[in-house]
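Here the structure comes first, spelled out in C-alpha cells, and everything after it is commentary.
Just so it is clear, none of the values below were taken in a lab; they were calculated from the coordinates. Everything numeric here is computed off the predicted structure, so don't read it as measured data. We place every Cβ from the backbone using ideal geometry, glycine too, and count neighbours over all the protein chains shown.
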Amino acid sequence: MNAIDLLTQQHRKMEHLLDRLDHQGPGSGPQKRDLFARMAAVLSQHISLEEGHFYPSTEAVRSGELLQAALEGHLAMKQLVADLLELDPGDEAFASRLRLLREQVELHVIDEERELFPAVEAGFTPEQLESLGLEMETALEELRAELAHQAPRVDRATAIRR
C-alpha cells in the first residue's frame, strides 16, 4: 500500500472510532473507555508514522509552514488524549475534551488530504510512494507489536510519548 493510502486509511479509522464514541450512551463507561483506548492507539500510531517516516521523507515537497502546523496539531491531539485518559468517560469534561479532539483530528485530516497529500503525490513517483508505504507498514507492525506487549490500557505517559 502506498504511504498516502496508508495514512488516509488511518484517517478513516480514527473518524469511524470517533463516530462510535459519539454514539455511546452516558452509562457505557467501560465500553467507552475501551473504544477510546483503541482510537488513542490508532492516533498514536498515525502520529508516530507521520513524524518518524512520512514528514522526514516528504521534506522536499512540503513547506516548513505546513510541517509546523502539522506538528502543532499533533501536540494538541497528544495533550487531549493524555487529558482524556485521566477523565471518567461519563463526565461532561470527557465529552467536552472529546469534542475538541474530534475537531483537531478533523482539521488534521483536512489539511493533509487537501494540501499535503496532493503536494506529495505531485512530487513523488508511484514507486517512491509504494516504497515509503512499505517502510511505514513495517514500522506500523512494530508499533502494534510494542502496544500488544504493554498493559491493555494506554496510560498518560504512553499517550504523550507517542
Around residue 18, with a cut-off of 14 angstrom between Cβ atoms, what is the net charge of the other residues, counting Lys and Arg +1 and Asp and Glu -1?
-> +3
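What does the net charge come to around residue 109 if you take all other residues with beta carbon closer than 10 Å to its beta carbon, with K and R at +1 and D and E at -1?
-3
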Shape metrics for segment 33-96, restricted to C-alpha atoms - Rg then Dmax, Å = 14.4, 45
When the chain is treated as a GNM, springs tying every alpha-carbon pair under 10 Å, which of 76, 148, 119 comes out with the largest mean-square fluctuation?
-> 148
Quick one: P(r) of the chain from all Cα-Cα pairs, 10 Å bins, percents rounded to integers, in order of increasing distance.
-> 10, 40, 33, 14, 3
Förster radius 30 Å - calculated FRET efficiency between residue 131 and residue 22, Cβ distance, rounded to 0.05 = 0.20
To the nearest 20 debye, the chain has a Cα-centred charge dipole, built from +1 on Lys and Arg Cβ and -1 on Asp and Glu Cβ, of 660 debye
Give the relative contact order (percent, whole number) for segment 1-150; include only Cα pairs under 8 Å separated by 6+ residues.
-> 42 percent
